[in-house]
Structure formats: structure tokens, C-alpha cells
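Below: one structure, written as C-alpha cells.
Read-outs throughout are calculated quantities, based only on the coordinates presented, and are distinct from any laboratory measurement. The structure presented is a predicted model; accordingly, all values stated were derived computationally and were not measured. All Cβ positions, even for glycine, are placed from backbone atoms using ideal geometry, and neighbour counts span all protein chains on display.
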Amino acid sequence: MKNVLIIGSGGREHAIVRACQSSPLVKSVIVAPGNGGIAKDCVCHDVAVDNIDAMVELAKSASIDFVIVGPEAPLSLGMVDAFEAIGIPAYGPRKLGAQLEASKAFTKDFLFKYRIPTADSQTFTDYDIACASLKQREHYPVVIKASGLAAGKGVIIAEDFKKAKHAVRAMLKENIFGESGKTILVEDFLEGEEASITLVCCNGKFVMFPASQDHKRIGEADTGANTGGMGAYAPADCVTEKLNDDIIRTIVHPTLAGLKSEGIDYRGTLYIGIMLTATGPKVLEFNVRFGDPETQVLLALLKTDPIRLMYDCATGQLEPTQVELKKAYAMVVVLAAKGYPDKFSKGDSIKLPENTENAWVIHAGTKLNKKEEIVTAGGRVLGVVGIGQTLLEASEHAYFLAKKVKFDSKYYRRDIGWRQLKRNQ
Ligand code: AMP
Ligand code: GLY
């Protein structure tokens, strides 16, 4: 291979660009639409991620041999199906498989049908019926979820009836998530520690990456609103070998068998958000693409070429091998714009330090202004990755560089990895 097109504009896509640059399989790489940092590394084309026709035209005109679709929105619209139709291999599930992320209601039915452990929940479209059910509820907090895609922000944990009612009103009456919130899930709150499992799947076979742990809340000690993810690390040692085996047995195998029974030939990433509860691992969600920011740490640890894995997967040749890993830990600290995940400013100029051998900057919400300077352009602006022999070392390397990045609205959590770092003490 040859000429690769990467679709997306986040930190995940920047990390994949870097992987392409060190893959012997890749001759050239273009990105659409990309971001400020990606534009410094390769050619970007200003095509919206959900514009399937324009992406297909771009791929044809640039003689693309392989497409990697980063985010969920184009997958759920059938981006991979469109490339397959013109004979260009594309990485990611087809539209049918992408429902696992695009519809939480579909996924809950799937999980219940195949007896895969998950929180109990009910689906509602009517405000009064949802409120009547909430009123009778014995246990709070409760989790209110928009069924459709909401950029990681469609989940509200409500401590009491009043807050739950408010969340339901916002979704079903005020349409804060548009179509995505017209169907909602009211779900039991699960207690425990979270972990993310990442698989590359094809024809019922899978390759498993090390477990990682994201930090979804905006505030330190996991407080405040949910975000797309404020920082992550891997390997996540809270997923012991025994737990990993349990996850494969009780979650991965039944999920792949279930997909087959449903007639879904699932190819691509399957990301499983898991809560490690006192009664075993339970599925919080499926994503049909690599996690962001988890990808930034997973790719930092791989010796195996991830582009080879993705290409083999997209072309139906994936063999269930063990990925080869560096003997190391990696951590990414997200630098966000103050105010995210609500309102935040854009257009701040950014001063970047030089990358070091053990730490580097990945771009997410950045762009080049007219003078070709990097400025902020999104909520999650940058990710700083650190790698080290221990989690503490990885964290020190990441924070050392993170502190040197300068932009006015910079906000970041100073406690990424806190649970594991405390256990390691
Ligand atoms: P989801 O998009 O469904 O994974 O939800 C986003 C985040 O909300 C998860 O990563 C958890 O932090 C939290 N969450 C979702 N469902 C639950 C639940 N049933 N119990 C506790 N926390 C949850
Ligand atoms: N970091 C969580 C996600 O990618 O959904």
C-alpha cells in the first residue's frame, strides 16, 4: 500500500497520521478535514467528515488505495459501504454494524438478547411516561442517556428525581441533542472503576489491544460534567489477567457471536466501555471506532504496525495475533479550552514546546490561521502523550511537556491516572 486517506480531525486521527508515517506500508497520506497539527505533517483537504460523496470524489482523484475512517458519524452514515461500492478498502464497520454506537437503544436490546452483562435500563420517547417511571424509582443516582450520537456528552448522571426530570425534559422536550435525544434510556447507576477494551475485529476473529482507562469527567477526582475524555493511560493494570479472561468470555465472545446471529459482518474497531463492578465486568457502551484519547496511548505502546492490522481487517485477512507491545506505560493528558464541555472561546494563539524522546504533542481542536499560526479551534485542543517504564514516569513525562504548552484558555486535569498511581504507591 500506498496512498492512504484518513477521515477525521481529532487527536485520534493525528495519532493515526503518525502511525502512517512510521509504517513501511504507507507511501503517502492525506487527511480530510484534519486540524492545525495534522496540516503541518501532511496535506489536508477541507471536506466535512459526513460528506460521503465528496470523500469518495477526493479518494478517486487522489488515487487512494486505503481509507481509514476515524469518527463514528461518517461510519453511522455508511461511509465504509460507499467506499466498498467503488472497490476501495476502508477501515471501520459498515452502516449496519455502526448502529452499535449510533443507537444506544439498539445496543441495549442486543445486550439483553444475548445476555451480555450490562446495567438494567428502559427506553422512553414520551416525557410523561418517563417521569412517571422515574417517580416510582427506588434507587438514585440514575443515568439518563440520549440514544443517538452526542459527541460523548449525551449522558447525565442524576442524583435525585428533580435532576433526572430536568435531564429528561432537556432531551425529550427541549431537544438539546436534537434527533439523538428523542429516544432516551433510563439506566441503573453502576458503581466501580471504568476501563476501555479495544479490539480490531473481522469475521468473528479479533486482535485485542491492552486495556486502557479514560477520565470522562471534566473535574479532578472524576467530578463535574461528562466530556469526550480528559486523559487516558495504558496498560490499565486494574484489568488483571483474570478480569481480561472474564471480559473475553462473558462479553467479547457473546458479542461477536450475537453480531453474527444478527447477520452483521462486523469489521473494524470494537471499543467496549466497561464498568468493573463488584459483580463482574459490565458493558457501559460500545463504540465502533478507536477511542479518543485512548488511541493516543495505545498506538504509543504498539510494536505491531497498526496500519497493517487495519488494512488486513478491511480486506478480510485479519489473523488473530497477539499485538507486540513495548515494555512501557503511556499516558495522554488532554489540554482543553476553559469552559469545555459547555461554552469555550476559540482563536487563542498556541505556543508549543519541542517534543522530546518521551513526550509529544498531538493536535485535536486546533487550526492554522491566515498567517499559518496554530490557534485553538475546539474544546479538546491538544493531547500531550508521555511514555515511560512505569505509569508514574509516563505521567511525569506527559505533565512536564503539558506545562510548557501555552494558550490563554488552557485547562487540564492534573490527576490523570490517580487511582492507579495511588494503588502503586
Ligand atoms: P456511555 O456513552 O454510555 O459510555 O456513557 C459515558 C459515561 O457515562 C461512561 O463512560 C460512564 O462514565 C458514565 N456512565 C454511563 N452509563 C453509566 C452507568 N450505567 N452507571 C454509571 N456510570 C455510567
Ligand atoms: N474516550 C472515549 C471515547 O472515545 O468514546
- [ ] Could you tell me which of rounded, prolate or oblate describes region 183-226, using a ≥ b ≥ c as the square roots of the eigenvalues of the alpha-carbon gyration tensor, with rounded for a/c under 1.5 and, failing that, prolate when a/b is larger than b/c and oblate otherwise?
- [x] oblate
- [ ] Would you mind classifying the chain by shape? Square roots of the alpha carbon gyration tensor eigenvalues, ordered a ≥ b ≥ c; an a/c under 1.5 is rounded, otherwise it is prolate if a/b is larger than b/c and oblate if not.
- [x] rounded
Open item on the list: With θ taken as phi - 60° and the coefficients 6.51, -1.76 and 1.60, list the Karplus ³J(HN,Hα) couplings across region 42-51 in order, rounded to whole Hz; mark glycine and proline as x.
Closed with: 7, 6, 10, 10, 7, 10, 5, 4, 9, 8
- [ ] Determine the calculated [θ] at 222 nm for the chain from helices alone, applying -39500 (n - 2.57) to every DSSP H run no shorter than 4 residues and normalising by the residue count; nearest 500 deg cm²/dmol.
- [x] -8500 deg cm²/dmol
Open item on the list: Report the Cα centroid-to-centroid distance between region 227-271 and region 346-407 in angstrom, as an integer.
Closed with: 29 Å
- [ ] Quick one: grab the alpha carbon gyration tensor of region 95-140, order the square roots of its eigenvalues as a ≥ b ≥ c, and give me rounded if a/c is under 1.5, else prolate or oblate depending on whether a/b is larger than b/c.
- [x] oblate
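May I ask for the net charge around S121, where only other residues with Cβ less than 9 Å from the Cβ of S121 are counted and Lys, Arg are +1 while Asp, Glu are -1?
The answer is 0.
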- [ ] With an 8 Å cut-off on Cα pairs and a minimum separation of 6 or more residues, tell me the relative contact order of the chain in percent.
- [x] 16 percent
TODO: Any chance you could list the semi-axes, whole Å, largest first, of the equivalent ellipsoid that the Cα gyration tensor gives for region 122-245, using √(5λ)?
DONE: 30, 17, 15
Task: ³J(HN,Hα) computed for each position of region 92-98 - Karplus, 6.51 cos²θ - 1.76 cosθ + 1.60, integer Hz, glycine/proline x - done: x, x, 6, 3, 4, x, 5
Task: Using θ = phi - 60° and Karplus 6.51 cos²θ - 1.76 cosθ + 1.60, couplings along region 14-29 (whole Hz; Gly, Pro as x) - done: 5, 5, 5, 4, 4, 5, 4, 5, 9, 9, x, 7, 9, 8, 9, 9
Open item on the list: Quick check on the exposure proxy: order C131, C44 from fewest to most C-beta atoms within 10 angstrom.
Closed with: C131, C44
Task: Amide H contacts of T183 (H built 1.01 Å from N, under 5 Å, at least 5 apart or other chain) - done: S147, G148
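Within the set of other residues whose C-beta is less than 14 Å from the C-beta of K303, count the net charge using Lys and Arg as +1 and Asp and Glu as -1.
Residues near K303 contribute +1 overall.
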Task: Filter on K205/K326; K40/K260; K60/K343; K371/K403; K303/K422; K163/K338 - keep pairs with C-alpha separation over 32 Å - done: K40/K260; K60/K343
- [ ] Name the residues whose placed amide hydrogens come within less than 5 Å of the amide hydrogen of E285, ignoring near sequence neighbours (fewer than 5 apart) on the same chain.
- [x] G273
- [ ] Considering the options I38, L382, G10, tell which one lies farthest towards the positive end of the dipole of the chain, charges being +1 on Lys and Arg and -1 on Asp and Glu at the Cβ, about the Cα centre.
- [x] L382
